[in-house]
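Chemist: One structure follows; several queries about it will come next.
Nothing in this text is a laboratory measurement; each read-out follows from the coordinates by a stated rule. Everything quoted here is computed from the prediction, not taken from an experiment. FYI the Cβ positions are ideal-geometry reconstructions off the backbone, even for glycines, and counts take in every protein chain you see.
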Amino acid sequence: MHVELRGVSKRYGGVQALRDVDLRIDRGSIHGLVGENGAGKSTLSKVIAGAVQPDSGDVIVDGRQVHYRSPRDALADGVTLVAQELALLPQRSVIENVFLGIESSRLGFVIDADVRRQYAQLSDRLGFGLPPKVRVGTLRTAEQQKVEILRALARHARLIVMDEPTAALTIDEAERLFAIVRSLQAEGTTIVYVSHLLDQVLNLVDTVTVLRDGQLVQTGPAASETPESLVVAMLGRSLNLAFPEKSFPAADAPVVLSVHDLTRTGALEDVSFDVKAGEIVGLAGLIGSGRSEVARAIFGADGHDRGTVELDGAELRVRKPSDAVRAGIAMLPESRKEQGLLMGRSIVENVTLPHLGEVSTAGFLAGSKQVRETSTLTKQLDVRARRVTSRVDTLSGGNQQKVLFAKWLFRRPRLLIADEPTRGVDVGAKRSIYELIARLAGEGLAVVLISSELEEVIGLAHRVVVMRRGRIVAEFDGRTVSEDAVMRAAFATAAAPAPSTEAT
Ligand SMILES: Nc1ncnc2c1ncn2[C@@H]1O[C@H](COP(=O)(O)OP(=O)(O)OP(=O)(O)O)[C@@H](O)[C@H]1O
Ligand SMILES: [Mg+2]
């Protein structure tokens, strides 16, 4: 499918999300779209897929001008979107979401043997191994993202727009997705691929387009770009892509967090480790290896059957997250939407209100002190918003992630548990977050860092703990750790059990 945008503009209130964009997407190509948080990538994706109507300009598909009024219109033409913000029906099963989907009104549709066979084929092809009958609302973010991808593929679209499809996938799952994208291309499907992972983009796409402040700044063959050249185009300046220098805590620094024999049947087994003041401990492992479960158990989001957690030498008895918050623990959860932010509230409310979601927030008014302190934090984190009183749901995905970070830092915790802290944020903001984590550790904060981006764990952590099947299987010194060693421990390639069985 050949798509052309001519002079496309879109405004949200005072924000010009897209400005006079001219773009050609060739039939059968894989077209990359990159840009800073808020550059307009998702808006452009939604325009192509009918989820947003431009204020002006033309969308021309295979030589014909189209006016999609909804994703369903676009789908009828063979265009579909894997959205950045998951758009699934939580009460429905996986298979229902894949084949019915939100845009369907086909009430008579039944999941019969034929549909189940199609599901099995699709699922095999992707190697996702998602049980078809599970309710989507009970799945974790990473699994929900897989449902989105399955849904797009089940539609046999001629153009698929993927807005950060790998944000929640492991390295091997992402590789499998790339193989599928390439085979779709070989079958004649056109793909628009949005991502902040510039290496991935350059390996995958034929053509890459850079957006900045809603404007198209360049478009051309991926082969003539490097991550550095893309960064210059995205930011209008170059950026040091190196990690901040590691400053290791003193050998006699006090232990802040001490976890002993933490066990939750079926999820965690005898997990023990310490984190000192000023130390960044990275938890590595595949999705489902128990990393997030450790975080959730410490934070009181899940219970545990056995074992203890000590903070500053005193046993911690947390029954719910608010207990952990009071004790001085902050957790940046993996999903900002369900666990982190009140989307209808302002930035300053989200940052300064205590225990959002647990107290009634009616009648809360942010005072000038809150506004001032929030502004300081959002500046440090480079949150791009018109003002701190803007509603969180008017921000781009990456900027929402930064607000979530600001919310936790506002509480000046003793221990920060950061679960995928840079998911969806752009290269520039990533570096700001790395520098901030390193600086806070330098000031004595204890940090547990979980990330699927191995480079991030290795680049920041003073010590790397590797988990597999709910246990700690290896530990590496941050001075000498390598990606290779961590991967080997995470997969246990020597024993070679199929890794996909771990993706629960
Ligand atoms: N529903 C909305 N209401 C108001 N403003 C919006 C809305 N959606 C997007 N915007 C604004 O439009 C601009 C472009 O947002 P968009 O989501 O397209 O960026 P993006 O490039 O996808 O960013 P990210 O990398 O963070 O996902 C941003 O300034 C954003 O705040
Ligand atoms: Mg986006």
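Chemist: For the chain, what is the mean residue ellipticity at 222 nm derived from helices alone (per DSSP H run of n ≥ 4: -39500 (n - 2.57); sum divided by total residues; nearest 500 deg cm²/dmol)?
Modeler: So the helix-based figure for the chain works out to -9500 deg cm²/dmol.
Chemist: Here's a follow-up. For segment 410-423, take each phi angle, set θ = phi - 60°, evaluate the Karplus expression 6.51 cos²θ - 1.76 cosθ + 1.60, and give the result in whole Hz per residue in order, putting x for glycine and proline.
Modeler: Taking θ as phi minus 60°, the curve returns 4, 7, 6, x, 7, 10, 10, 9, 10, 9, 6, x, 10, 4 Hz for segment 410-423.
Chemist: Hey, got a sec? Which trypsin sites (Lys or Arg not before Pro) in segment 415-497 land in a DSSP loop and have at most 16 other Cβ atoms within 10 Å?
Modeler: Passing sites in segment 415-497 are ARG479.
Chemist: In what sequence do ILE287, ILE347 fall when counting other Cβ within 10 Å, fewest first?
Modeler: Listing ILE287, ILE347 from fewest to most nearby Cβ atoms yields ILE287, ILE347.
Chemist: Fewest first, what order do LEU89, LEU75 take by the number of other Cβ atoms within 10 Å?
Modeler: If I rank by nearby Cβ atoms, fewest first, I get LEU89, LEU75.
Chemist: Next question, about the same structure. For the chain, what is the relative contact order in percent, using Cα pairs closer than 8 Å and at least 6 residues apart in sequence?
Modeler: Contact order relative to length: 16 percent.
Chemist: Apply 1/(1 + (r/R0)^6) to the Cβ-Cβ distance of ASP112 and ILE171, taking R0 = 60 Å, and write down the FRET efficiency to the nearest 0.05.
Modeler: On the way: r = 36 Å, r/R0 = 0.60.
So the FRET efficiency works out to roughly 0.95.
Chemist: How far is it, in nm, from the label point at ALA223 to the one at SER183 when both lie 7 Å from their Cα along the line to the Cβ?
Modeler: Inter-label distance under the simple model: 2.6 nm.
Chemist: Taking neighbour counts of Cβ atoms within 10 Å as a proxy for exposure, in what order, fewest first, do GLU453, GLU36 appear?
Modeler: By the 10 Å Cβ count, ascending, the order reads GLU453, GLU36.
Chemist: As an exercise, take the mean of 1/r over every pair of distinct alpha carbons in the chain, invert it, and state the Kirkwood radius in angstroms.
Modeler: 23.8
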